[in-house]
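Below is one structure, written out as structure tokens; comments come after it.
Derivation of every value follows stated rules applied to the coordinates shown; laboratory data play no part. Note that the structure is predicted; figures quoted are calculated from it, not measured. Note that we place each Cβ from the backbone using ideal geometry, even for glycine, and neighbour counts take in every protein chain shown.
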Amino acid sequence: MLTKMLKKLWVNNLINLFYPNVCQSCGNALNQQEEVICISCELRLPKTGFHMHDENPVSRVFWGRINIKAATSFLFFSKQGKVQNLIHQLKYRRQKDVGVELGRLFGIELQKSPFYKDIDFIIPVPLHPKKLRKRGYNQSLVIAEGLKESMGVDVFTGLQRKIHSSTQTKKTRYERWENVKDIFKIENPEELENKSILLIDDVLTTGATLEACATVLSDVPNISISIATLAYAHN
Ligand SMILES: [Zn+2]
């Protein structure tokens, strides 16, 4: 009995050594009920609450640019903050679990809103194949998988990139827009006819990429487009 217990303990310690169960936000050990992010960090997530309002700072980003039904972001993004760290874990540290978990938590919030009740498909903003090869996964798709879990809505992966856009950082907003507007295409667009879709991205900054995706999607007959991002970088 004792040897069996010791053996189990040893195996668990060994697993923890290679796959330490620590909170991806604060680094403290997780208890058995916690996954990815500890309860304490989860409760302190800087939620925007924008999803409960038809008009909010995120929907205003798209005013006069594209016709969308609703738009929101889950969390406030601030430099050197907890949310930046979590998104860094997701994008550059191969911590896909962080994206799935935050997507799942976001979906629970969206379910409480009257504006995201009739969604037929979740559509992640596609990553360029080159970046996809480098990173190994599309972080927006990972977030979408989490949303799917809590919202019970399928993910549509037919929105794709055509060509690589060069570095965006030193360009003006207009130049960036010129650059992104022709880079997306939809495979099997007929599947989206008469549907309500939720376009997903990680962080909202200028909204240029989301605008480009939404513009392409808006060619589908009778489509209704909403936008949701994990974080909102306010200026
Ligand atoms: Zn924590």
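A few points about this structure:
- In this structure, the amide hydrogen of Leu204, modeled 1.01 Å from its nitrogen in the peptide plane, lies closer than 5 angstrom to those of Ala231, Tyr232, Ala233, counting only residues at least 5 positions away or on a different chain.
- Gyration tensor verdict on the stretch 87-140 (Cα atoms; rounded if a/c is under 1.5, prolate if a/b is larger than b/c, oblate otherwise): oblate
- The stretch 43-139: GluC sites (Glu not before Pro) falling in loop per DSSP and having at most 14 other Cβ within 10 Å: Glu55
- With Cα atoms defining each centre, the stretch 59-136 and the stretch 203-218 are spaced 13 Å apart in the structure.
- Amide proton proximity set for Leu199, modelled H, under 5 Å, gap of 5+: Ile123, Ser226, Ile227, Ala228
- What the phi angles of the stretch 217-224 give under the Karplus curve with 6.51, -1.76 and 1.60, with θ = phi - 60°, is a coupling list of 5, 5, 6, 6, x, 6, 8, 10 Hz, glycine and proline written as x.
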